[in-house]
Amino acid sequence: MSVLGIDQITYGTDDLLLARRFFQDWGLSLASESADELVFECLNGCRVIVAAMDKPGLPTAIEEGPTLREVVWGVETEADLGRYADAIRNDPGFMDVVVDGARRIGCTDPNGLAVRLQVTRKHAVPEVRSAQMNTWSDRPRVNAPAPVYERATPIEVGHVVFFVADVKAVEAFYASRLGFVSSDRYPNRGAFMRCAPKGGHHDLFLLQLPTGKRGINHVAFTVRDIHEVFGGGLHFSRCGWETQLGPGRHPVSSAYFWYFKNPAGGLIEYYADEDELTADWQPRDFEPGPTVFAEWAVDGGLDGHTRRQRGAEAGGKFLTEKK
């Protein structure tokens, strides 16, 4: 029994019209909309809900302004759901309800976030094809160019990152109640956690700041490969959205990234090529710092039109041509 991953997230926003354009530009499909709620889907059915901040029933925010209000994790079976219900039954905010005809359980984590579980509604995406990488020792891509993407179509919400007031308490909650496993740590500062012993480097990252701030840092969307990170980021840049940092590469998880500012709260990330871990993995300790966060990164992003760093001149047909 283990959590499979993120099934759904919910934002609370003060500008639904702006959020509609933002998430459609990001590459999500609009599944439905009403006066106070937008429902988007990734390729595998993972949902992103954006609701008006004053919508009745919206979980309480852990910070002021637009932010992430709820994370729904998927499990495999109804029996799994029952066992998790027993595990969290005595936690604050416990709930056991029916949503859209299916059972959903939940509680409030030690950071104040609404945590929910349901039998997963995600589905396989057999048509997804990722680029094969030719290296010195392994050259699987033969007589075929690597892909070039005009935009991204995210597969799913891959992980969420929160600022927490007490990283040890929140890490212990996800480990003891939901069976999450620690991947790596910033001792007393941060915890990278995955849903199960076998899986991607992290589904959840908890970061404690000296100020004790609580809130969303970012939501990360999985794309096929590094080429889609670039293609998606360039398209999003052409749409006029502002880069926070990237493209770049994380040395801790090995993933390539590109972060943008999100009007619905925090940051939003395209990422690909994270490490795959098993039960044999031993968590490492890192001292947080710029070179630990990013092996390399482009400050300000790339311009979607010139395909170069913002502000860089792009004259000439070839780089070898001289003015």
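Summary of values
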{"read-out": "Positions within segment 200-212 being of a type outside the set (Ser, Thr, Tyr) and either farther than 22 Å from residue 280 by Cα or more than 15 Å from the chain's Cα centre (by Cα) (or both), in sequence order", "value": "206, 207, 208, 209, 210, 212"}
{"read-out": "Single residue of segment 137-165 satisfying the filter (small (Gly, Ala, Ser) and surrounded by 21 or more Cβ atoms within 10 Å (Cβ to Cβ)) that is nearest to residue 71 (Cα to Cα)", "value": "158"}
{"read-out": "Failed item, numbered, when residue 151 is tested on (1) outside the structural domain of residue 43 (by TED's automatic domain parsing); (2) over 30 Å from residue 292 (Cβ atoms); (3) more than 18 Å from the chain's Cα centre (by Cα)", "value": "(3)"}
{"read-out": "Filter pass, residue 196 being in contact with a Ser or Thr (Cβ under 7 Å, 6 or more places away or on another chain), at pLDDT 95 or above and surrounded by fewer than 20 Cβ atoms within 10 Å (Cβ to Cβ)", "value": "yes"}
{"read-out": "Strands (runs of 3 or more DSSP E) wholly inside segment 176-269 containing at least 3 residues that are among the aromatic types (Phe, Trp, Tyr) and free of Cβ contacts under 8 Å to residues at least 60 places away in the same chain", "value": "256-261"}
{"read-out": "Every residue from segment 276-304 that is touching a Gly at 6+ places or on another chain (Cβ under 8 Å), outside any loop (DSSP other than H, G, I, E, B) and closer than 25 Å to residue 182 by Cβ", "value": "276, 277"}
{"read-out": "Breaking point among (1) modelled with pLDDT of 95 or more; (2) surrounded by 12 or more Cβ atoms within 10 Å (Cβ to Cβ), for residue 285", "value": "(2)"}
{"read-out": "All positions within segment 137-175 that are charged (D, E, K, R) and in contact (Cβ under 8 Å) with a residue 60 or more places away in the chain", "value": "150, 151, 156"}
{"read-out": "Subset of segment 211-238 that is in contact with a strand residue (DSSP E or B) (Cβ under 7 Å, 6 or more places away or on another chain) and of a type in the set (Ser, Thr, Tyr) - its residue that is surrounded by the most Cβ atoms within 10 Å (Cβ to Cβ)", "value": "222"}
{"read-out": "Residue 276, sole failed condition from (1) more than 18 Å from residue 303 (Cβ to Cβ); (2) buried (at least 18 other Cβ atoms within 10 Å of the Cβ)", "value": "(2)"}
{"read-out": "Every residue from segment 151-175 that is part of a loop (DSSP other than H, G, I, E, B) and in contact with a Gly (Cβ under 7 Å, 6 or more places away or on another chain)", "value": "151, 152, 153, 154, 165"}
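Residue-by-condition table, conditions (1) modelled with pLDDT of 95 or more; (2) outside the structural domain of residue 211 (by TED's automatic domain parsing); (3) of a type outside the set (Val, Ile, Thr):
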site	(1), (2), (3)
91	yes, yes, yes
96	yes, yes, yes
105	yes, yes, no
108	yes, yes, no
112	yes, yes, yes
128	no, yes, no
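The values are calculated or read from the model by the stated rules, or taken from the named source; none is laboratory data. Because the structure is a prediction, the values reported are computed rather than measured. Reconstructed Cβ throughout: ideal geometry from the backbone, glycine too, with neighbour counts over all protein chains shown.
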